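Just so it is clear, none of the values below were taken in a lab; they were calculated from the coordinates. Source: prediction; values computed, not measured. Positions of Cβ are generated from backbone atoms using ideal geometry, with glycine treated the same way; all protein chains shown enter the neighbour counts.
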Amino acid sequence: MLETVTQAVINGLLIGGIYALVSIGVTLIFGVVKIVNFAQGEFVMIGMYITYFLFSTLGIDPLLSLLVSMPVLFVAGALIQHVLIRRVLGPNDMPQIFLTFALSLLLLNLSLLLFSANYRTVHTFYSDEAIHLGGLYIPVAKLIAFVVAMVLSGALWVFLRTTDLGKAMRAAAQNRDVATLMGINPDLVFAVAFGAALALAGAAGSLLMPFYSAYPLVGQVFVLMAFVAVVLGTLGNVIGALIASLMMGVAESLGIQFVGADSGLIVVFAMLLLTLAFKPTGLGGGRMR
Amino acid sequence: MTDALVVSGLSKRFGGLRAVQDLSFTVRENETLALIGPNGAGKTTSFHLITGFHRADTGSVSAFGREIVGLRPHDVCALGLARTFQVAKPFGAMTVLSNVMTGAFLRDRHVGIARDKAREAIAFVGLSRHEATAAKDLTTIDQRRLEMARALATEPRILLLDEVMAGLNPAEIDQAVALVGKLSARGLTIVIVEHVMRAIMAVARHIVVLDHGQKIAEGSPREIVENPEVIRAYLGSGYVHAPGTGDAHA
Amino acid sequence: MAVRWTIPALLLLSAIVLVLPQLVHNAFALDIFIRILLFSFIGVAWNLMGGYARQLSLGHAAYFGLGAYTSTIMQVDFSISPWIGMIAGGIVAMLASLPIGWLCFRLRGPYFTIATIATAQALMLVFLKFRDIAWGAEGTTIPNLGSSPLMMQFETKASYYYVVLGLLAIGLSITYRIEKSWMGYYLVAIGEDEDAAEAIGVNAPRIKRDIYMISAFLTALAGTFYVQYIYFIDPATAFSFNISIEAALVSIVGGIGTLWGPVIGTVLLETTSALLQSWLGSTTGGVQLTVYAMILMAVILWRPTGLMGLVSEAWQRYPGRKPAGARAAP
C-alpha cells in the first residue's frame, strides 16, 4: 500500500515539474505584465511540434532541441509582447483577456489546419527506460523532464532575485509607475517577462515529447492545470506556482490511482473549487516572489 | 447639536503594518472636520475603514447613532455617508449626466427624477456645460467635480472629501473652498482630508492630526499650528521651539 | 438613438425579417438565417452580463446545456412539452447561476473568466459521466413527431425561424428595457469601476447576481430551441466551448455593451462562416475558428468597441446629434 502511494506520489511529482514550467510562465506574465496569457498552453504545443519536427527530420534529441525551442519561443514572446500585447495594456481588461484568448484560438486552429489532429510521437532511446528503486518504477524520460524543469525554475528564481533585470521585473510587478520613474523601461521588462514565460512553455514542450504525444489540443490540458496552480499558489507568486503545480501533480496522480483513470480532471476542478470557496487569494502571501 | 459621526478606537493592520491605530474622534452635525497629517499617516485608510471598503480590526464607527462597522460600502452610502476618492474614479464611458444619475438612483429609481436631481448636483459643482461630455474626456479637476456631484446625488448627510484640492492653483482653491462652504451651508457634515493649509484654515474649525496611523493632536486650527507634536510630525524635531518663543501662526 | 430615420429603418428591417421565410425557401439559406437569429439571441443574453457589466464569462455553454438537457429529459422521460421544458430549463439555469456565480465572482478579471470556463467544463464532465439520468456520452435523439407544434416540432424550417425570432425579440426587448432603466446605469457603472459604484450605493454583488440569473435564463432557452431544431443532444454539443466562445465573440465584434452589437456581430461572423463553408466545402472546424480568431484579434487591436463603435463614431460626426442613454460616444 505504501509502495502504491509512494509510486503515485512520485508519478505526480514528475509530471508536476512540467505543470510547474507552464504555470510559472503564466504567473510571471501575470505578475509583471498584469495580464493572463490564455495562450500559454499553445506555446507548449508549439514547443512540442518544434521538437517533433527537429527529431523526425534531423534526428535531434528532444533534450537538445531545448536549445532551439527555448530561444525561439523567447524571441516569439518578446515580439508578441511588443507588437500585440503592448497595445492592449490599459485599465480595461476586456481587450487583454480576449487578445490572448484569440491568440490561443488562432494558434490552436492553425495547428489543426497545418498538422491535422493526428498524434505525433517521438521515440528516443530512453523513452522506455526506467530506473527501478526498491519497488518503485521511475521512467527516465520523466525523471529527466522533472530535473530539467526544476533546474530551469531555479534558474528563473535566481535570475529574479539576483540580477538587475530580474529585480527590475519584480519592481515593475509591484508598482509599474514607480518602477518607470526609477528608470526601468517597462516595455523591455515586459518583453523579457513574456519571452521568459514562453521559453519555459517551450521547454515544457521539448521535455514532454519523449513520453507524451503532440496534437493541436494538447495545450488545453496543461493550461487548465497551470491556471489552477497559479490561483492556488497566489497570482504572481513564482514559488507558489511551483509548489502548487507539484501538489496538483500529486493530487491528480493519487486521484488516478485510487479513484479512477479519468478522475484527474475532477481532482483539478475540486482543487479549484475548494480554493475559490475558501481562499480565493491562494496559499501564498499575495505577493510576487 | 447631535453627533453626526463618532469614530472610536478604530484600528487596522495590513500584515505587519499598523495603518490605523486606536483612532477616535467625533464630528458634530453640520461641522466641518479636517483630517490632516503627513503622507502615509493613514488618512485615506481611515476613509476606507469608515465607508466599509476595508473591514476594521477593532473599533466602532457610528453615523447618527447607527453602527456602521461591518457594513458594505453601498449600505454605508445608503445610510447617508458619501465619499470621494483621492484619485477620481469616474465611469469613463458614461457622460457626466449619466455618471451623476447613477448616484441619484440610490434614492429614486425613476429615470426622469434621477435626471433632474443629477442636473441639480451638476449645477451645484459648476459642471453644467459638460453635461453631455464623456467622463473620460474631462480634465482632472472636472473629474473631481464630477466625483463630488455624483456623491452629492446620493443625498448624503455626511460627506467625506479626499484631497479634492490637490494640484489646484490658488484661484481654483478659492473656488473649491467656496464649494465646501456652500455644502456646509446646506447642512452637510463634512470630513475633509487635505494638505493645502490655506484651504484647511478656511473651512475647518476642528482639526484632527494623524501620524503613522495614530492621532497625535486635535483641536482648533490655532491649537494645531502651535502643537509641537504636529510640527515634529511634519518637519522633524529640529523645528520644535519651546512654547512661547518664535512665531506661531500660519 | 435620437435620429429621425431610426424608427422607419427599424420598421423596414422588422418587415423584411418577418417576411423573409415566405420569400426564401432554400433550406440551406433558412438554416443560416436560423443560426444567425439563434446566435444573436445567445449573444444578446451574454451581452447583458458580459457587455454591460463587463463580467466576461466564457462559460455560458453551461446554461445552454442545462436548458437543453432539462427540456429534453422532461420530454423524453415524461412527455412534457418542450415549451414548458424551456421555461423549466431557464429556471434550472437561473438556480445554477447562483452557486456558480458565488464561486466565480470571488475572482476578478481574467480569473473570473477562467473560473467560468472551468465550471462549464466541469458540467460537461458531469453529464458525460451520468448515464442514468442523461444518457452519458452518446446522448440521445428526440423522437421525431412530425408536425407537432405543442411539442415544439415543426415540419417547415420557417416555423423554427419564427420561434427563434420570437426569442431574439424577447432578448432584445429585455435588453432595451434594462439599458434604459436604473439597472442599465448600474450595470455599466459596475463594468466601469465596481468600487466607485459601491461608493455611490450600488449593491454590486446583488446586481451581478441578478444579471447573471437573467443571462443564464435566456441562454438556457436557446439550448432548448437548439435541441428541438437538431433533434439531438449530447454533452459535447450541449456544453460545447464553441458556444461560450461565440456568445462572447459576436458581442465583442458587433459592439460590446450595445443593444444591436450581438446581432451585427452574429451576422458578420455567421455569414463569413457560411461563405467559408461554401468556398472550401465541409472542412475541419479549424478554418472557421481560425478566421474567427483573426477577426477577434483585429477587432481588439483596432476597434475594441466593435462594429457598433464604428457606427457610433460615424454618427457622432453627423451634425446636430446628441448622445442619449447611459453611454456617451466611445
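Remark: the Cα gyration tensor places region C:140-271 in the prolate category, a/c being 1.5 or greater and a/b exceeding b/c. Treating each Cα of region A:1-84 as an identical point scatterer and summing with the Debye formula, the log10 of I(q)/I(0) at q = 0.19, 0.23, 0.25 Å⁻¹ comes to -0.94, -1.12, -1.21. Rounded to the nearest 500, the helix-only mean residue ellipticity at 222 nm of the protein assembly as shown stands at -20500 deg cm²/dmol, with each DSSP H run of n ≥ 4 adding -39,500 (n - 2.57).
Each of C:Ser312, A:Ala179, C:Leu123 was scored by the projection of its Cα onto the charge dipole of the protein assembly as shown, and the greatest displacement toward the positive side belongs to C:Ser312; charges sit on the C-beta of Lys, Arg, Asp and Glu. Note on the protein assembly as shown: with charges restricted to the Cβ of Lys and Arg (+1) and Asp and Glu (-1), its dipole about the Cα centre is near 1200 debye.
Tell me whether region A:2-278 comes out rounded, prolate or oblate; compute the Cα gyration tensor, take square roots of the eigenvalues as a ≥ b ≥ c, and use a/c under 1.5 as the rounded threshold.
prolate
Excluding same-chain neighbours fewer than eight residues apart, the lysines reachable from B:Lys215 by a Cα-Cα span under 17 Å are B:Lys12, B:Lys43. Mean-square fluctuations from a GNM of chain B, with a 10 angstrom spring cutoff on Cα atoms, peak among B:Lys182, B:Lys43, B:Lys215 at B:Lys182.
Inter-part distance, region B:134-188 to region C:247-281, computed on C-alpha centroids, equals 45 Å.
Residues B:Met197, C:Met183, C:Met152, ranked from the fewest to the most other C-beta atoms within 10 Å, line up as B:Met197, C:Met183, C:Met152. Rounded to the nearest 20 debye, the dipole size of chain A about its Cα centre is 760 debye, using +1 on the Cβ of Lys and Arg and -1 on the Cβ of Asp and Glu. The fraction of all Cα pairs in region A:139-254 landing in successive 10 Å bins from 0 to the largest distance is 12, 39, 33, 13, 3, 0, given as whole percents. Here the spin labels are modelled as points 7 Å beyond Cα on the Cα-Cβ line, and at A:Thr57 and B:Tyr234 they lie 7.3 nm apart. Stokes-Einstein at 4 °C, 1.567 mPa s, Kirkwood radius from Cα pairs: D for region B:88-155 in µm² s⁻¹? My calculation gives 117 µm²/s for D.
Note on region C:149-267: dipole from Cβ charges, positive end direction compared against C:Ala196, C:Leu249, C:Ile264; the farthest Cα belongs to C:Ile264. For the protein assembly as shown, taking Cα atoms only, Rg and Dmax work out to 30.1, 103 Å respectively.
Fully extending the segment from C:Arg108 to C:Ser181, taken as 0.36 nm per residue of separation minus the present Cα-Cα distance, adds 23.7 nm. The three principal axes of the C-alpha atoms in chain C carry coordinate ranges of 57, 48, 36 Å, sorted with the longest axis first. Straight-line cross-link partners of A:Lys34 among the lysines, defined as a Cα under 25 Å from its Cα and at least 8 positions apart when in the same chain: A:Lys167, A:Lys279, B:Lys89, B:Lys136, C:Lys208.
When every Cα-Cα distance of chain B is counted in 5 angstrom steps from zero, the calculated P(r) takes the values 1, 6, 13, 17, 19, 16, 12, 8, 4, 2, 1, 0, 0 percent.
Ranking A:Phe211, A:Ala141, A:Leu110 by Cα position along the charge dipole of chain A, where only Lys, Arg, Asp and Glu carry charges on their C-beta atoms, puts A:Leu110 farthest toward the positive end. Between B:Thr58 and B:Ala166, full extension at 0.36 nm per residue minus the direct alpha carbon distance yields a gain of 35.8 nm. Here the simple spin-label model places points 7 Å from the Cα toward Cβ, and for C:Val19 and A:Ala130 these points are separated by 7.4 nm.
Cβ-Cβ distance of C:Thr272 and C:Glu155, R₀ of 35 Å, FRET efficiency by 1/(1 + (r/R0)^6): the value works out to about 0.70. Ranked for footprinting exposure by Cβ neighbours inside 10 Å, fewest first, C:Trp315, C:Trp46, C:Trp135 give C:Trp315, C:Trp135, C:Trp46. The Rg/Rh ratio for region A:70-227 is 1.04, where Rg is the radius of gyration of the alpha carbons and Rh is the Kirkwood radius. With the simple spin-label model, which puts each label point 7 Å out from Cα in the Cβ direction, the C:Ile133 to C:Trp279 separation comes to 4.6 nm.
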